[in-house]
1. Got a sec? Charge dipole of the chain, +1 on Cβ for Lys and Arg, -1 for Asp and Glu; which of Gly147, His470, Gly218 is way out at the positive end?
2. What size of dipole, in debye to the nearest 20, comes out for the stretch 162-450 about its Cα centre when the only charges are +1 on Lys and Arg C-beta atoms and -1 on Asp and Glu C-beta atoms?
3. Which percent of the accessible area of the chain is formed by carbon and sulfur heavy atoms (probe 1.4 angstrom)?
4. Which of the aspartates and glutamates could a cross-linker bridge to Lys306, judged by Cα under 12 Å and excluding same-chain residues fewer than eight apart?
5. With a 1.4 Å probe and every protein chain left in place, work out the accessible area per residue of the stretch 162-450 in Å², rounded to a whole number.
6. Note the direction-averaged projected area, equal to a quarter of the hull surface, for the Cα convex hull of the stretch 272-359, in nm².
7. What fraction of the DSSP beta bridges in the stretch 162-450 is antiparallel, stated in percent and rounded to the nearest 5?
8. Can you flag which of Lys22/Lys120; Lys150/Lys472; Lys148/Lys480 are past 30 Å Cα-Cα?
Amino acid sequence: MKVEVKQIGFVDYQMEIFHIWKLFYEEVEIVYEACTDADMRMRLDMYAEDGTAEVKAELTHPQSERSWSHTERRQLKRDSEEQRRRELKRVVGSAMLRVLEEATGLEQPWGVLTGVRPTKLMHNMLRRQGREQSVRQLQEEYLLTDGKAKLLADIAERQLKVIPDLFELDREVSLYIGIPFCPTKCAYCTFPAYDIRGNNGSVDSFLDGLHYEIRETGKWLKQAGLSITTIYWGGGTPTSITADQIDSLFVTMRDSLPDMDKVRELTVEAGRPDTITPEKLAVMKKWNVDRISINPQSFTQLTLDKIGRHHTVEETVEKFLLSREMGMDNINMDLIIGLPNESTAEFQHTLDETAKLLPESLTVHTLSFKRASKMTKNRDQYEVAERDEIADMMKMANDFMEANGYHPYYMYRQKNMLGNLENVGYALADHDSLYNILMMEERQTIIGLGCGAVSKVLYPSTVDEEGNEHQKIERFPNPKEPSVYNQAYKQYYDKKVRLLDEAYGHTLSH
């Protein structure tokens, strides 16, 4: 899709224009000069004066000569230049969204809200006004549907019940332990996930680096006077390593980290059923792991084969029941909407099989075509459902959760998601994942240790005159490749600690 855009008035909203078009068309090229081969032409007349903004969007299809138009007019409520610019961006986006919805017949349930963490916006709104006003603002200013606006409110309110001190955790951190190995790499995956069968020589070296990072982080936390809220083992698949290796890491954590008995939640992702053994479960039970994940993604074997998950549906069930027998009473499962060759029939089968197990939490992902994944690089080899069917599957998931007593407690969105939908975490009462909430809402520092782990360091927040919180967050990624990590983990750790010192105002020697 090639689009010719002509702007009259404001001239600095090209990125916003691109993002709105991407909601409707997977491939889009936007040019800001006259061209004869444009598939669509859009004219934006933009005007702002005396506290009022008006944007008229006119869309023309050159071949059919059909045209559509929409005018968006709003009062500007903010005084500062930055706040005014944000409001103007929403007016531009709203005019475009409305005219594109009319032209394509597609409704965008998230309106002009394209960010990854919409619940952060809802939290900021709820801190200065009530639920009803916040929902109405999302509908009027961001064009969210009633259902999506209320979903955000439900999740934000739930999170505050689960973590009442969500906004008061600046003297605590959470840890993410990244273990980058898997039995095989799934076609949709872009996480650090290296075939452990071909990396046996580097596993021991990687673990040496991870032990080092855990020990040094423990020293820093004790000197800084910071405690730990949650610890999350991810990857990759942490249970790809041996039971003895897992046990050794827990020993180092116990000996190095402060106040381990006060950690509120300890999660280990055992996502691939083919990595779970009685010995590994025994180690996790020994160290009081609170929560594990066993991720089927789908209960259709042909789908698992297609996406490169080399385990069987039966193995998922067997390992789930084994975990139950060995005392694991908080199990999460991930399901993915829109996997290749799956329609509502296959997804209903997955829900029916899930109902036989009823894990304590379920995370429903909408398939995203991530740039570096095998699936994206070979898109023509993977047939996926259309937008309407994806929306039907999401409704099926919502209905299933409601019927079985699950409530939504966290969510996030990604670029290039099928149907422009979302990922939602659901849980039974008292089984919400604290780490998932903290990580997604960015309310405390997450220190990432291990291969591919990303630290998110929060600086002290400021609040503007309207009560909006502004938080500086610095991301610091460790190397994704085990070979690079193994050679450079000390240098990366030193840089990470300097960043932590700066954020927390410490002048510690290391």
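The values are calculated or read from the model by the stated rules, or taken from the named source; none is laboratory data. Quick caveat: nothing in here was measured; it's all calculated off a predicted structure. Here the Cβ is made from the backbone with ideal geometry for all residues, glycine too, and neighbour counts use every protein chain on show. Surface accessibility is based on the protein's heavy atoms, side chains included, excluding ligands, DNA and RNA. Shrake-Rupley method; radii C 1.70, N 1.55, O 1.52, S 1.80 Å.
1. Gly218
2. On the way: 29 positive and 44 negative charges, 169 e Å.
Dipole about the Cα centre, nearest 20: 820 debye.
3. Working: 10150 of 22090 Å².
The value for the chain is 46 percent carbon and sulfur by accessible area.
4. Leaving aside aspartates and glutamates fewer than 8 places away in the same chain, those within reach of Lys306 are Glu342, Glu383.
5. Details: 10740 Å² over 289 residues.
For the stretch 162-450, the solvent-accessible area averages 37 Å² per residue.
6. On the way: hull surface 21.3 nm².
The number I arrive at for the stretch 272-359 is 5.3 nm².
7. On the way: 10 of 41 bridges.
Around 25 percent of the beta bridges assigned by DSSP in the stretch 162-450 are antiparallel ones.
8. Working: Lys22/Lys120 23 Å; Lys150/Lys472 28 Å; Lys148/Lys480 35 Å.
Over 30 Å Cα-Cα: Lys148/Lys480.
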